[in-house]
Amino acid sequence: MRRSLSTIFFVVLFSLLATEVLAKHAIMIVLDASGSMSGRKIKNAKKGIIDYISGTKNITDNDIVGFRIFGGACDTSRLIISPAKGGKSQFSKNIMALISASGNTPLEYAMSAAISDLAGLSAESKTIVVFTDGEETCGGDPCTTVHKAKKNNSDLRIFTVDLGGVAHSPQIDCLSDAPPIKISKEGQVSSVKLANELKKKLDPIIKPPSKFGQLLVEIKNEAGVKKPCKYTINNLKNQVVKKGIESGNPVKIEVGQYTLDFSDDIKCSPGKSITVNDSNVTEVSCQLNLGELNAVYKNGSCKEVETSYAIIDEYGNIKSSNNLTGKPIALPPGKYKISFHGINPRIEEEVEIIAGQPTEITIDNFGTIQIDLFDSDGKAIKQGIIIRHIETGRKAYISTSEVMDVLEGTYDAEVVMGFGGSKEDIIVKRCKPTKSEIKDCCQLSIISQSFFRNGDRVFVYEGRTVVAQGKVGTPIDVRCNTTVDVKVKGREMLDVSITTKRKDLNESDFED
């Protein structure tokens, strides 16, 4: 086997690992269900929330939406809809019908629970909207709790909808990032008007208008030729915001800071960190930092031909498959295993790819093999044969009279079930044809005078393995000089030592 280096410019091929795209928004709706909300107030609040959630286009099934209520005991807050994508569709009259108003107003307890609901979720923004008509009645301090949470979570926003209708409520004011949305007449307002008010004032809060810019990533090889490449755009939390992008065309994306992540080794200028603004196209120039593999295969006649192979990285992952020999392929630096298909036995070679260098691996240590099989009457027959490469122990399957390329070395061969016969020490030399024959077939004939009829199925075993099969009254070709067991329709016969060309059995040979 020979390895050599050659200089060929390379072609780029990348594979991209699938990554879940970051959710746009995570929204928790928190509803006061304390005793002061009883009657028409809780009824209109529930219907107004349903009408708003179902009617707004600013909340979609791709957003994370959850729903929590509080009221009753001071340590009570119920999670009605767990925050998840598609949560919007779960807001329904059936769910709201289960909610009634009673008891205390544990506002701090509810805010702590809602903040925990959003913790750990992957979203660009997290928003809590609290519907309440009054202040804490359980001795808690919701304002301190909220301020501490915002200090630790810069992406957390909280807004309040004041259903109490009072002129000023310091506690409701302190919770909200903007002036509370106030509903007049102590919340005794129709659900339709409430839904319209929410749409007008909550829509721009939950999803403020975005500014977009354009990002252009150009990737070139060392010769300066542009090459298509897949990459992902991540936010500063290393969460994917776009994926599967082809270089060479500008990408529309919201203004902000991002990083690029490539599946292969690529160097970018000014670096991986990018700031996209809305004034012009942000350009990033990258260069492939790849090596090249050229696998060459020469058949048993020493002629260079195409065959397919797979490239496997050092972690056992298939980098690419069904590549063709004689066609160079670009790869990132590293150690790989090259597994060749259609070669008997299958060949696997290790190779190291170095950035900026072409590497050639040549597989040419093959000859050809042909094995003919003859039955007990000397007639050539078609049959499958298993050959085993002694040096590696690897096996391959060929048909009799077929000429096949195989690795040079010493082989043994054994006929597949149906006919006997084997051959040892078949030597195959590089670039040379090898022809062998298997003739050691004897005949076994099962004859029954009363127990069985001609045509009944016969199975011949070596140990537990079926090595031949046929019918009563018809000669069966088996391997000579071996001991076999015979079953006819499931009944065992006595062991038979086959030493002659033909062995006839009569009914006295059957076990009772």
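The values are calculated or read from the model by the stated rules, or taken from the named source; none is laboratory data. The structure displayed is predicted, hence computed values, not measured ones. All Cβ positions, glycine included, derive from the backbone under ideal geometry; neighbour counts span all protein chains shown. Only protein heavy atoms, including side chains, enter the accessible area calculation; ligands, DNA and RNA are left aside. Shrake-Rupley method; radii C 1.70, N 1.55, O 1.52, S 1.80 Å.
Quick notes on this structure:
- Near the amide H of Asp456, within less than 5 Å, lie the amide hydrogens of Val472, all on another chain or at least 5 residues away, with H placed in the peptide plane.
- Amide H contacts under 5 Å for Ala355, placed H, 5+ residues apart: none
- Computed extension length for Ala355-Leu121: 80.3 nm, one decimal, from 0.36 nm per residue of separation with the Cα-Cα distance subtracted.
- Stokes-Einstein diffusion coefficient of the range 304-360, Kirkwood radius over Cα pairs, 10 °C, 1.306 mPa s, in µm²/s: 135
- Looking at the range 368-442, the accessible area is 51 square angstrom per residue; that uses a 1.4 Å probe and ignores ligands, DNA and RNA.
- Potential extension, Arg394-Thr60 segment - 0.36 nm per residue separation minus Cα distance: 114.5 nm
- Protection-proxy order for peptides 394-403, 312-321, each taking the mean of Cβ atoms within 10 Å per residue, highest first: 394-403, 312-321
- 5 angstrom amide H check on Glu283, placed H, neighbours 5+ away: Leu216
- Exposure rank, largest accessible area first [Arg157, Arg78, Arg430; 1.4 Å]: Arg78, Arg430, Arg157
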